[in-house]
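Student: Dumping the structure here so I can ask a few things about it.
The values are calculated or read from the model by the stated rules, or taken from the named source; none is laboratory data. Keep in mind the model is a prediction, meaning the values are calculated, not measured. Positions of Cβ are generated from backbone atoms using ideal geometry, with glycine treated the same way; all protein chains shown enter the neighbour counts. Ligands, DNA and RNA are stripped out before the accessible areas are found, and what is left, the full protein with its side chains, is counted by its heavy atoms. Shrake-Rupley method; radii C 1.70, N 1.55, O 1.52, S 1.80 Å.
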Amino acid sequence: DTPQKPYRTFHLDAHWFVMVGRSNLENDELTFHVSSPGDWWFHAEGVPGSHVVLRPRGGTDAPRARIIAQAASIAAHFSKARHSGLVPVIYTQRRYVRKFRGAAPGQVRCERETMVMVPPQLPSGEE
């Protein structure tokens, strides 16, 4: 019986994978202790949901639009908006995501975010 990985993980392609928090406490842990400043951070806009971190396997190139859309769709799926047709998802580099005074677990403030509209769906590559 192997110990469960702490985060739900999806492999998008040879260069990118995604980690998904399962709770508010895990979201904080993932965002502030596991991820790196150069990782990409995703969250469904305006609704409770998982923090999703997109991490490269080596390399520093920005993710292509297809990879951004896949990561955003995962964030939409693991949010309260999962039954919507299209969900607004914001993303930014993790270095622009911060806790604020009095923030509850899972609550953050982010800067320099971009919004994409995506359908909530999962890729086929869950581990």
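Student: Give me the pairs: first residue in segment 57-76 and acidic (Asp, Glu), second residue open to solvent by 10 Å² or more (accessible area, probe 1.4 Å) and not in a helix (DSSP H, G or I), beta-carbon distance under 6 Å, and six or more apart or on different chains, which are they?
Tutor: Note: no pairs meet the criteria.
Student: Which one is nearest to Ala72 (Cα to Cα) among residues in segment 1-60 that are assigned to a loop (DSSP other than H, G, I, E, B) and of a type in the set (S, T, N, Q)?
Tutor: So the first thing to find is which residues in segment 1-60 are assigned to a loop (DSSP other than H, G, I, E, B), and the list is 1-7, 12-15, 21-23, 35-39, 45-48, 50-51, 57-60.
Adding the requirement that they be of a type in the set (S, T, N, Q) leaves 2, 4, 23, 35-36, 50, 60.
Values: Thr2: 29, Gln4: 24, Ser23: 18, Ser35: 17, Ser36: 18, Ser50: 11, Thr60: 19 Å.
Ranking the candidates gives Ser50 first.
Student: Now a separate question. Considering only residues that are open to solvent by 20 Å² or more (accessible area, probe 1.4 Å) and within 14 Å of the chain's Cα centre (by Cα), which ones fall in segment 69-81? Lay out the reasoning, then the answer.
Tutor: Of segment 69-81, the ones open to solvent by 20 Å² or more (accessible area, probe 1.4 Å) are 69-70, 77-78, 80.
Once the filter is applied, which keeps residues that are open to solvent by 20 Å² or more (accessible area, probe 1.4 Å) and within 14 Å of the chain's Cα centre (by Cα), segment 69-81 yields Ala69, Gln70, His77, Phe78.
Student: Has segment 82-90 got any residue that is closer than 14 Å to Thr31 by Cβ, in contact with an Asp or Glu (Cβ under 7 Å, 6 or more places away or on another chain), open to solvent by less than 10 Å² (accessible area, probe 1.4 Å) and assigned to a strand (DSSP E or B)? Walk me through it before giving the result.
Tutor: Residues of segment 82-90 closer than 14 Å to Thr31 by Cβ: 90.
Remaining after also requiring in contact with an Asp or Glu (Cβ under 7 Å, 6 or more places away or on another chain): 90.
If we keep only those that are open to solvent by less than 10 Å² (accessible area, probe 1.4 Å) too, we end up with none.
No, there is no match, as no residue in segment 82-90 is closer than 14 Å to Thr31 by Cβ, in contact with an Asp or Glu (Cβ under 7 Å, 6 or more places away or on another chain), open to solvent by less than 10 Å² (accessible area, probe 1.4 Å) and assigned to a strand (DSSP E or B).
Student: State whether the residues of segment 92-103 include one that is over 11 Å from the mean Cα position of the chain (by Cα), open to solvent by less than 30 Å² (accessible area, probe 1.4 Å) and without any contact (Cβ under 8 Å) to a residue 12 or more places away in the chain.
Tutor: There is at least one residue in segment 92-103 that is over 11 Å from the mean Cα position of the chain (by Cα), open to solvent by less than 30 Å² (accessible area, probe 1.4 Å) and without any contact (Cβ under 8 Å) to a residue 12 or more places away in the chain.
Student: Tell me, yes or no, whether segment 38-50 has at least one residue that is among the polar types (S, T, N, Q) and at pLDDT 95 or above.
Tutor: Yes, there is a match, as at least one residue in segment 38-50 is among the polar types (S, T, N, Q) and at pLDDT 95 or above.
Student: Of everything in segment 93-127, what is within 20 Å of Arg8 (Cα to Cα) and in a loop (DSSP other than H, G, I, E, B)? Give them in sequence order.
Tutor: Within segment 93-127, Pro105, Gly106, Gln107, Pro119, Pro120, Gln121, Leu122, Pro123, Ser124, Gly125, Glu127 qualify.
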